[in-house]
Amino acid sequence: MQNIPRQWTENGTLNRWIDEIASLCRPSHIHLCDGSDEEYDRLAKTLVDAGKLTLLNPAKRPHSFWCHSHPDDVARVEESTFICSLREEDSGPTNHWKEPAEMHRHLHTLFCGCMQGRTMYVVPYCMGPISSLFSVVGVEITDSAYVVLNMKLMTRMGKPALEHLEGGSFVPGVHSVGVPLAEGEKDLLWPCNPQARCIVHFPEERSIWSYGSGYGGNALLGKKCLALRIASAIGRDEGWLAEHMLILGITSPQGEKRYMAAAFPSACGKTNLAMLTPSLPGWKIECVGDDIAWIHVGRDGRLYAINPEAGYFGVAPGTSMKTNPNAMRTIQKNTIFTNVALTADHDVWWEGINGEAPEGLTSWLGEKWNPSKGAAAQPNSRFTVSAKQNPIYDTEADNPQGVPLSAIIFGGRRNSVIPLVYEALSWEHGVFMGASISSETTAAAKGDLGKLRHDPFAMLPFCGYHMGDYFRHWLEMGQKTAPEKLPRIYTVNWFRKSSDGHYMWPGFGENARVLKWIFERTAEEAPAQKTAIGYLPTELDVSHLSLSQEHMEKLLEVDKAAWLQETEGLAAYFKLFGQKMPEALLGELKELRERLEK
Ligand code: SAT
Ligand code: MN
């Protein structure tokens, strides 16, 4: 390798780190990303020329690209994701842990020479609005140009991030696909190294190392690695929350606007809810974010949320003009599609987009497709696009102070037990509700599908420290301000099924009816009845939906026997957290049981 100039940026620590990683990984070139459109186009062209990206039909999908990955590199890999805190007990029973010094030795071996024959890209990025005191700068070093393109769409990347950083500190992240190239060796189409894959976080060092995968959640280090796993640990230390939550603004026909944040496990409809087109006339939704919220106590004592991201990495299958017209409009241009199917006229297609599969599809595996081959689009195939293209982009997403939250919503995929919506009795009860979330597993992570698992706060794969401490942190957040300043807390379930296996609630735009009830509850305007599990609606606006009274009663039913069984499952689950399980939440469980038994 040639001599490396030392003055990469104005930040001495960053300069030294770049040199250090370069001498470890031994790339043939180094490129400091400026985040410009020209840079994006140049890198995209390199990938097109190498046959790794396909330019889509400009008449149908301007300035957009299609690509597919290695078939074994299509989702997050939880079994290979590590939280290497100094003490094992700080990582907790829901994370994988390895002793940090041992893991560093392992990483050193993996990364030694891993970028041979490749370009090492240095990607400065800012999570959160430039100039916000709540924003955090990260720098990702990667040997994947695909990652650079995605980071440009997903974050505030390049020069503005460096300007915000100045001489300050940043979260370093090193990513490699893990396939060094010998002199003259031709690259694989989608290089990755599934056998050696690992995604590693050092919460005290605040650093990230990711090896062997090119998939979004494993390789775009600003997203789950920084904005959730590392940020949750920073938030614990500094008194704020990093959450797996969408943020939306909802305006009533009277013109009053409120903000809500909502946590659901991956691939449970966060993007759809964040961009919802309300079925109720006069109501309006605007989107602040679809995946992550950082929540601070504001000067007025209310909780304020920023979206650290600047783009969407959304699940494609099931997205259509019917289910999410705003997403469809957002991805009309300037979008990268990964692992969807390609049509004969070079547009994209996936299951659920619009009727039958057209003739002449190329599947996500890059092969000629026919129905005997299974799904044409990988179930976790994704679009990457800048949030600015969303027709309902809320410009408050750029407010450095964030938006004040009136409600926090939790949900999961539950075919039974959990009613359509209910409200917590108090902040502590709401924290208990968050801790109680279970959901059926989806294609967003490698592993079984449709298996019910506990996923507290939808943070199971993303909490960067001991989940018991995380529960306690949530309880403490409620003590930082007056109870009336806190958002109210809700659980929703769009996925309840009838005994014949059909979804009981139409979902999508009709979810506005549930948001309306929540909106009115936060203004004390909607009636509710107190039940054993919390406040349930006595009247929900189901105008023009042909749902019988009996059907609605079933949707909102609290089946005491099923709930008692649920509490038994929770009691067993909470034991996992041992001494760290907050007494207050065990108390909530006990009181819930007593109310059910009454
Ligand atoms: O793959 S990501 O982790 O980026 C998205 C998700 O699973 O929520
Ligand atoms: Mn997510």
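Take the Cα of His31, step 7 Å toward its Cβ, do the same at Glu205, and the gap between the two points is 2.7 nm.
Computed over the stretch 468-590, the percent of Cα pairs more than 24 Å apart is 44. The C-alpha atoms of the stretch 530-598 occupy a region whose extents along the principal axes are 51, 20, 20 Å, arranged from largest to smallest. What a 1.4 Å probe finds exposed on the chain is 51% carbon and sulfur by accessible area, rounded to a whole percent. Here the contact order of the chain, divided by its residue count and restricted to Cα pairs under 8 Å and six or more residues apart, works out to 15 percent.
Among the listed pairs Lys224/Lys373; Lys368/Lys451; Lys52/Lys224, those with a Cα-Cα distance over 28 Å are Lys224/Lys373; Lys368/Lys451. Exposure check, 1.4 Å probe, all protein chains in place: Lys554 carries approximately 110 Å² of accessible surface.
Summarising the strand pairing of the chain, around 65 percent of its internal DSSP beta bridges are antiparallel.
Note on exposure: Asp237, Asp559 ranked by accessible area (1.4 Å probe, complete protein assembly) read Asp237, Asp559, with the most exposed listed first. Computed from backbone phi, the HN-Hα couplings of the stretch 168-174 come to x, 9, 9, 8, x, x, 10 Hz, rounded to whole numbers (Karplus: 6.51 cos²θ - 1.76 cosθ + 1.60, θ = phi - 60°; Gly and Pro given as x). Equivalent-ellipsoid semi-axes for the stretch 312-386 (Cα gyration tensor, √(5λ), whole Å, largest first): 20, 12, 11. In this view, the solvent-accessible surface of Glu79, computed with a 1.4 Å probe and all protein chains in place, comes to about 100 Å².
Size descriptors for the chain (Cα atoms only): Rg and Dmax, in that order, 23.7, 77 Å. Using 0.36 nm per residue and subtracting the Cα-Cα separation, the extra length available between Ala482 and Gln529 on full extension is 14.5 nm.
Residues Arg496, Arg413 ordered from highest to lowest accessible area at a 1.4 Å probe: Arg413, Arg496. Taking all protein chains as shown and a probe of 1.4 angstrom, Asp500 keeps an accessible surface of around 100 Å². Taking every protein chain into account, the accessible area of the stretch 312-386 amounts to 40 square angstrom per residue (probe 1.4 Å). With a ≥ b ≥ c taken as the square roots of the eigenvalues of the C-alpha gyration tensor of the stretch 85-163, please select rounded if a/c is under 1.5 and otherwise prolate if a/b is larger than b/c or oblate if it is not? Taking the square roots of the gyration eigenvalues as a ≥ b ≥ c, the stretch 85-163 is oblate.
Ordering Lys451, Lys152, Lys257 by accessible surface, largest first, gives Lys451, Lys257, Lys152; the 1.4 Å probe counts only protein heavy atoms, with every chain in place. Based on C-alpha pairs under 8 angstrom that are at least 6 apart in sequence, the stretch 312-386 has a relative contact order of 45 percent.
The values are calculated or read from the model by the stated rules, or taken from the named source; none is laboratory data. Just so it is clear, the model here is predicted, and its values are computed rather than measured. Glycine also receives a Cβ, built like all others from the backbone with ideal geometry; neighbour counts cover every protein chain displayed. Remember, those area values only see protein heavy atoms, side chains included, never the ligands or the DNA or RNA. Shrake-Rupley method; radii C 1.70, N 1.55, O 1.52, S 1.80 Å.
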